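First the structure, in the form of structure tokens, and then the observations on it.
The values are calculated or read from the model by the stated rules, or taken from the named source; none is laboratory data. A quick note: this is a predicted structure, and the numbers were derived from the prediction, not measured. In this analysis, Cβ positions are derived from the backbone assuming ideal geometry, glycine residues included, and neighbour counts consider all displayed protein chains.
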Amino acid sequence: MIPGLATRRKFSDLSEREILALAIFSEEDDARIYRSYAEGLRADYPASAKVFDEMAAEEDEHRKRLIEAFRARFGEVIPLIRREHVAGYYARRPVWLIEGLGLDRIRAEASAMEQDAARFYTAAAQASTDAATRKLLGDLAAAEAGHKTRADALTAEHLEPEARETEDRLARRQFVLTWVQPGLAGLMDGSVSTLAPIFATAFATRDPHTTLLVGLAASIGAGISMGFTEAAHDDGVLSGRGAPWKRGIASGVMTTLGGLGHALPYLIADFWTATTIAFVVVFVELWAIVWIQNRFMDTPFLRATFQVVLGGALVFAAGALIGAG
């Protein structure tokens with residue numbers, strides 16, 4: 001038996017008292033989530049923070065109405081039953097995970113929260129054979145759908161076009177500083193700096209297996225080094241570049257991927273086939289870096305092309321010549 005599953009109840013086995021209690025605690029949890037979003041956004045995105053403050057207040061009002069209904073039908077003692085106690089009940093993602101993914105993701109998650117709840121209650125109402133329970137679930141579904149409409153109205157009220165444009169611009173800048181910039185630095189380092197050792201080994205040994213091992217070592221070692229360096233040299237407090245662990249992950253992962261791109265073709269036993277594929281991969285990697293620089297870093301296309309493609313070609317040539325010699 002899998003630990004934890006035995007303690008979960010099927011939704012169909014819940015009484016009306018337990019369903020109402022579940023709705024009360026769900027509304028309470030959602031209000032807490034919205035307030036957490038608001039607190040995290042308040043400094044940089046005050047208009048969006050106000051939207052989530054009022055959405056939390058809406059959840060509080062629904063919770064109060066549900067408590068009144070529970071008190072009228074079942075008394076003062078509300079049984080403790082939460083989402084995690086019910087098999088198949090919709091779950092909420094951790095607040096810390098969503099906050100780390102930016103403003104647009106928080107907005108999308110809030111919308112999904114209301115949609116999930118509305119769909120769940122609607123499906124549960126359709127499956128119920130008890131008239132009173134069916135009505136209760138239908139009312140809850142309508143309430144959750146109303147939350148979505150109210151959220152849209154609050155967004156329109158507080159996020160005027162100018163405020164929305166300002167917040168979107170700040171969110172894009174933060175995304176670039178936290179993820180794109182360190183990721184791009186990692187991709188450039190992994191793609192370019194590993195060219196020389198990988199292709200020097202390839203042309204010196206003509207052995208795909210040895211080249212693969214050198215490529216794996218160079219890529220993974222560079223990824224670890226770049227990740228720790230990025231995370232350690234700037235805590236993000238003064239620079240505003242975001243959490244160091246996020247930047248470290250972006251830099252380390254992209255460095256590793258940049259090197260693995262032209263190392264993995266040497267899984268192929270035939271040397272010239274593997275080298276040809278590796279060369280094509282290098283070509284694609286370098287142009288991908290040019291595109292990212294032009295798209296997110298506003299680097300002129302010709303300048304990015306000159307810096308990346310020419311630099312990569314020189315490093316590749318150096319590795320090939322050293323290996324061949």
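Some notes on this structure:
- Residue check, residue 12 modelled with pLDDT under 80 and either assigned to a helix (DSSP H, G or I) or touching a strand residue (DSSP E or B) at 6+ places or on another chain (Cβ under 7 Å) (or both): yes
- Meets criteria (in the same structural domain as residue 179 (by TED's automatic domain parsing), of a type in the set (Ser, Thr, Tyr) and over 15 Å from residue 180 (Cα atoms)) for residue 255: no
- Any hit, segment 54-67, residues being under 17 Å from residue 135 (Cα atoms) and crowded, with 20+ Cβ neighbours inside 10 Å: yes
- Only one entry of 124, 141 meets the criterion of being buried (at least 19 other Cβ atoms within 10 Å of the Cβ) and at pLDDT below 75, and that entry is 124.
- Residue match in segment 149-163 (condition: modelled with pLDDT of 70 or more, in contact with a Ser or Thr (Cβ under 9 Å, 6 or more places away or on another chain) and assigned by TED's automatic domain parsing to the domain that holds residue 40): no
- Here residue 107 does not qualify as surrounded by 14 or more Cβ atoms within 10 Å (Cβ to Cβ), within 16 Å of the chain's Cα centre (by Cα), at pLDDT 70 or above and not in a helix (DSSP H, G or I).
- Selection of segment 191-219 for residues being closer than 26 Å to residue 296 by Cβ and either under 23 Å from the mean Cα position of the chain (by Cα) or of a type in the set (A, V, I, L, M, F, W, C) (or both) yields 192, 195.
- Set 211, 255, 276: member being farther than 14 Å from residue 185 by Cβ and out of contact with any Phe, Trp or Tyr (no Cβ under 6 Å at 6 or more places or on another chain): 276
- Segment 282-304, residues that are free of Cβ contacts under 8 Å to residues at least 24 places away in the same chain and farther than 30 Å from residue 204 by Cβ: 291, 294, 295, 298, 299, 300, 301, 302, 303, 304
- Tally, over segment 26-39, of residues that are surrounded by 19 or more Cβ atoms within 10 Å (Cβ to Cβ) and not hydroxyl-bearing (Ser, Thr, Tyr): 6
- Within segment 40-96, tally of residues that are modelled with pLDDT of 80 or more and of a type in the set (Phe, Trp, Tyr): 3
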